[in-house]
Amino acid sequence: MQQSIKHIKERYIHLTTIIIGCCIFLFWLFYNPVHNFTEAVPGLDNRPPRSSSLGSEVIIGEHFTFFGNAPDPSLTGRWPNFRGADFDNIAKDNVELIDSWPATGPEIMWEKDLGEGHAGVAIYEGRVYVLDYDERKERDILRCFSLVDGTELWRRGYSVPVKRNHGMSRTIPAVDGEFVLTMGPRCHVMCCDATSGEFLWGMDLVKDQKAEEPLWYTGQCPIIDNGVAVLAIGGNALLMGIDCTTGEIVWQTPNPDSLRMSHSSVVPMTIAGKKMYVYNALGGLCGVSAEESDKGKILWTIKDFTPNVIVPSPVYVGDNRIFVTAGYGAGSALVQINKSGGSFSARTLQIYKPSEGMASEQQTPLFKDGHVFNIQTKDAGTTRNQFVCCNPDDFRNILWTSSTTERFGLGPYIIADDKFYIMNDEGELTIARFSTSTFEVLDKAQVIEGDDSWAPMAIADGRLIFRDSKKMVCVDMRANE
Amino acid sequence: MKKDKIINRRDFIQTGIRTGIGAGLGIIGFGLISRSVEGKTIWQLDPAKCVQCGNCATECVLQASAVKCIHVTDMCGYCDLCSGFFRPGALELTTGAENKLCPTGAIVRTYVEEPYFEYRIIEELCNGCGKCVQNCGAFGNGSLQLQVRQDLCVNCNQCAIARSCPAEAYSRVEPETAYLLKGFEELKITD
Ligand code: SF4
Ligand code: SF4
Ligand code: SF4
């Protein structure tokens with residue numbers, strides 16, 4: 001009897017243990033310790049679907065004001081587009097320039113207030129062109145000034161809403177004496193007569209060509225090649241040529257890889273004996289024929305280096321090689337173009353992060369005498385914000401730097417009269433001797449007071465034009481005046 | 001009739017000791033109070049010196065560091081591509097975890113109107129790692145900054161982070177300047 005009671009007790013104990021075990025197991029199985037976690041999925045920011053509509057129709061070229069006054073005919077200098085006539089940011093007009101600032105400070109010839117932004121100027125034989133934004137009237141306005149005294153000659157524009165997004169204006173016009181061509185922040189192209197300002201034609205690249213406006217508006221500076229406007233679209237077409245006289249599309253490049261518009265500009269280069277337009281699009285770098293026989297044909301594409309923001313333009317660095325760079329942690333790549341028979345191919349020689357070699361966020365590096373010069377990005381480690389030099393055979397090997405006491409920022413730099421002119425973010429302009437072996441400061445001065453003096457500079461007839469976010473200044477740099 | 005109280009030796013000694021302890025505590029209390037009210041200084045880091053080494057997240061004596069990311073909204077560009085919110089090379093500008101930089105999901109992004117987005121820090125989730133601060137400083141306006149939250153900090157005699165800070169960014173500051181935010185001199189926030 002006692003035996004059986006003990007037996008029953010044991011059974012109960014076992015049963016209870018099993019039931020408790022099962023309960024614990026089920027609790028473990030079904031309890032979700034992260035039940036109050038929110039999954040990080042797309043859409044939590046309540047962003048509505050993207051719309052390409054600007055609300056009202058944009059009538060390109062609708063507003064015009066003529067102020068008169070012809071510029072001085074003795075001025076023949078040209079800086080006709082972004083990075084000058086040869087797209088290399090090197091002045092070649094042999095005007096002797098100052099090595100040091102006058103004791104009284106920079107000789108300011110004239111200055112003009114502009115809408116907030118980073119748009120630089122083009123100069124053509126005494127005329128200065130800038131695509132400004134009038135915030136009060138909500139207009140992109142192409143303004144033409146006299147280089148001599150800054151008198152405004154005419155302005156042509158159109159109403160378009162642009163909200164402040166790290167400034168408003170962005171790009172540099174292209175001018176060839178006959179035509180002046182602009183690209184608005186929201187991808188509106190306008191072509192006018194360069195002298196009279198007469199409106200010739202316009203194109204809305206988003207509406208008409210299915211381009212996608214890049215983040216912070218477009219920074220693409222258009223070019224004119226032999227009377228044809230060359231534009232990167234990254235929509236229906238990758239690149240496009242438009243007759244400046246008629247506004248007709250004369251050639252277009254298909255876009256099979258759906259590459260998209262970046263802030264980079266199209267750069268004409270001659271590689272392996274072939275003239276081509278090189279464009280660093282979002283999604284890939286490509287070369288498009290610029291020769292009459294096959295104009296607009298894609299010659300090569302490479303997709304090894306695909307940052308999601310690209311501002312600097314490609315730089316030809318000799319021996320059929322192209323250097324591309326971008327900010328926001330992307331770094332740089334060196335690409336070799338090969339020609340075999342009639343076809344071209346591209347191969348990446350170097351690709352690296354900004355802390356491992358030369359890299360730029362906004363400005364396009366300089367190439368001269370077999371060396372490349374650049375201001376390093378903020379995330380470049382010890383060389384951060386320094387002006388540096390590399391041999392294009394190895395961009396990881398920085399040959400020299402401007403030293404830790406000479407740091408710059410996102411500002412522009414050019415070469416003129418065998419000197420570097422380097423602007424920092426706060427309007428201080430440094431003059432340094434051009435050299436491939438060392439950095440030697442000749443002088444420096446505060447030339448403009450405001451912030452974000454980032455727009456590319458332009459120089460012609462010894463007059464240097466630069467700007468900060470709200471003001472444009474022309475300084476006389478001639479040594480013998 | 002009131003009975004005269006006779007104080008014996010034991011009572012006298014006990015009362016004396018009590019009075020002594022009471023007076024001592026009073027003096028110490030007074031000292032502490034006067035120290036905490038008048039010349040009190042508190043720990044703060046200078047964002048201009050900080051190199052975002054990561055020690056602020058790991059060295060604080062508190063389990064979740066007293067150092068938090070603060071968003072100086074006046075300096076913010078309200079950009080779509082916020083380099084403090086998105087990891088470098090993010091494939092898409094969405095709130096998907098794969099695109100975000102903050103390891104704890106402490107930054108909330110909200111659409112305002114084209115092209116602006118608002119960024120907000122959930123302090124309870126922030127561990128002060130400084131990743132967002134580093135990227136915002138490198139590619140953006142530098143509006144994200146690390147600060148010791150004075151409502152959380154227990155004001156250690158020797159701040160454990162200060163001891164290990166490679167940038168010597170820590171110092172004792174007056175309560176009137178409890179926060180040292182970079183960029184806007186007029187932002188002298190007191191706790
Ligand atoms: S320990 Fe110093 S350098 Fe490191 S994150 Fe903190 S304040 Fe910055
Ligand atoms: S990245 Fe680090 S410092 Fe920035 S919010 Fe997230 S946890 Fe805080
Ligand atoms: S004083 Fe103490 S609690 Fe405050 S930040 Fe330093 S270690 Fe953390």
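Considering (1) more than 17 Å from B:Gly89 (Cβ to Cβ); (2) within 14 Å of another protein chain (Cβ to nearest Cβ), the lone condition that A:Lys353 does not fulfil carries the number (1). Quick check: is even one residue across segment B:124-144 within 16 Å of ligand 1 (Cβ to nearest atom) and touching a His at 6+ places or on another chain (Cβ under 8 Å)? So far as segment B:124-144 goes, yes, one or more of its residues are within 16 Å of ligand 1 (Cβ to nearest atom) and touching a His at 6+ places or on another chain (Cβ under 8 Å). For segment B:83-136, filtering for residues that are surrounded by fewer than 16 Cβ atoms within 10 Å (Cβ to Cβ) and within 16 Å of A:Asn46 (Cα to Cα) leaves 9.
Screening B:Glu59 with (1) open to solvent by less than 40 Å² (accessible area, probe 1.4 Å); (2) modelled with pLDDT of 95 or more; (3) away from chain A (no Cβ under 11 Å) gives one miss only, at (1). Only one entry of A:Asn397, A:Asn338, A:Asn308, A:Asn320 meets the criterion of being polar (S, T, N, Q) and within 14 Å of chain B (Cβ to nearest Cβ), and that entry is A:Asn308. Within segment B:148-168, at least one residue is touching a residue at least 60 places away in the same chain (Cβ under 8 Å), within 15 Å of ligand 3 (Cβ to nearest atom), among the polar types (S, T, N, Q) and touching a strand residue (DSSP E or B) at 6+ places or on another chain (Cβ under 7 Å). Please note which strands (runs of 3 or more DSSP E) are completely contained in segment A:309-368 and include at least 1 residues that are among the polar types (S, T, N, Q) and closer than 30 Å to B:Gly140 by Cβ. Strands (runs of 3 or more DSSP E) meeting the threshold: A:321-326, A:331-340, A:343-352. Among the residues of segment A:449-463, is any closer than 19 Å to A:Lys368 by Cα, modelled with pLDDT of 95 or more, in contact with a Ser or Thr (Cβ under 9 Å, 6 or more places away or on another chain) and open to solvent by 30 Å² or more (accessible area, probe 1.4 Å)? No: zero hits.
Flag: A:Asp113 does not match the condition of being of a type in the set (Asp, Glu), closer than 23 Å to B:Cys79 by Cβ and modelled with pLDDT of 95 or more. Beta carbons closer than 7 Å, at least 6 apart along the sequence or on distinct chains, pair a first residue in segment B:45-58 that is over 10 Å from B:Tyr170 (Cα atoms) with a second that is more than 6 Å from ligand 1 (Cβ to nearest atom) and open to solvent by 70 Å² or more (accessible area, probe 1.4 Å) for B:Ala48/B:Lys182; B:Gln52/B:Gln134. Do we have B:Val72 as away from chain A (no Cβ under 12 Å), at pLDDT below 95 and either open to solvent by less than 10 Å² (accessible area, probe 1.4 Å) or within 16 Å of ligand 3 (Cβ to nearest atom) (or both) here? When the stated conditions are applied, B:Val72 passes them. Each residue in segment A:469-481 was checked for being open to solvent by less than 10 Å² (accessible area, probe 1.4 Å) and closer than 20 Å to A:Asp425 by Cβ, and 3 of them qualify. Tell me whether segment A:255-263 contains one or more residues that are under 21 Å from A:Val121 (Cα atoms) and open to solvent by 10 Å² or more (accessible area, probe 1.4 Å). Yes - at least one qualifying residue is present in segment A:255-263. Just to verify a result, which residue in segment A:195-218, among those that are of a type in the set (Gly, Ala, Ser) and open to solvent by 20 Å² or more (accessible area, probe 1.4 Å), is nearest to A:Ile60 (Cα to Cα)? My answer is A:Gly202.
Comparison of B:Phe86, B:Phe139 shows that the only residue that is at the interface with another protein chain (Cβ under 10 Å from one of its Cβ atoms) and in contact (Cβ under 8 Å) with a residue 24 or more places away in the chain is B:Phe139.
Summed over segment A:5-53, the residues that are touching a strand residue (DSSP E or B) at 6+ places or on another chain (Cβ under 9 Å), surrounded by 10 or more Cβ atoms within 10 Å (Cβ to Cβ) and closer than 30 Å to A:His188 by Cβ give a count of 3. Selection within segment A:278-304: residues that are of a type in the set (S, T, N, Q) and open to solvent by 10 Å² or more (accessible area, probe 1.4 Å). The member of this set that is farthest from the chain's Cα centre (by Cα) is A:Ser293.
Can we say A:Tyr129 is of a type in the set (Phe, Trp, Tyr), over 25 Å from A:Glu212 (Cα atoms), open to solvent by 10 Å² or more (accessible area, probe 1.4 Å) and in contact (Cβ under 8 Å) with a residue 40 or more places away in the chain? Taking the combined requirement at face value, the residue does not satisfy it. For A:Gly247, the conditions (1) closer than 24 Å to A:Leu334 by Cα; (2) in contact with a Leu (Cβ under 7 Å, 6 or more places away or on another chain); (3) assigned to a loop (DSSP other than H, G, I, E, B) are fulfilled apart from (1). Only residues that are in contact with a strand residue (DSSP E or B) (Cβ under 7 Å, 6 or more places away or on another chain) and facing another protein chain (nearest Cβ under 7 Å): list them for segment B:101-123, please. Hits for segment B:101-123 are B:Arg109, B:Thr110, B:Tyr111, B:Phe117. Scanning segment A:264-277 for residues that are of a type outside the set (D, E, K, R) and open to solvent by 20 Å² or more (accessible area, probe 1.4 Å) gives A:Pro268, A:Thr270, A:Ala272, A:Gly273. Applying the criterion of being part of a loop (DSSP other than H, G, I, E, B), touching an Asp or Glu at 6+ places or on another chain (Cβ under 7 Å) and at negative phi to the residues of segment A:163-172, the residue that is modelled with the lowest pLDDT is A:Arg164. If you check A:Arg321 against the conditions, is it under 27 Å from A:Gly273 (Cβ atoms), basic (Lys, Arg) and surrounded by fewer than 24 Cβ atoms within 10 Å (Cβ to Cβ)? The answer is yes for A:Arg321.
The values are calculated or read from the model by the stated rules, or taken from the named source; none is laboratory data. Fair warning: this is a prediction, and the values are worked out from it, not measured in the lab. Note that each Cβ is placed from the backbone with ideal geometry, even for glycine, and that neighbours are counted across all protein chains shown. SASA here: full protein model, heavy atoms, side chains in, ligands and nucleic acids out. Shrake-Rupley method; radii C 1.70, N 1.55, O 1.52, S 1.80 Å.
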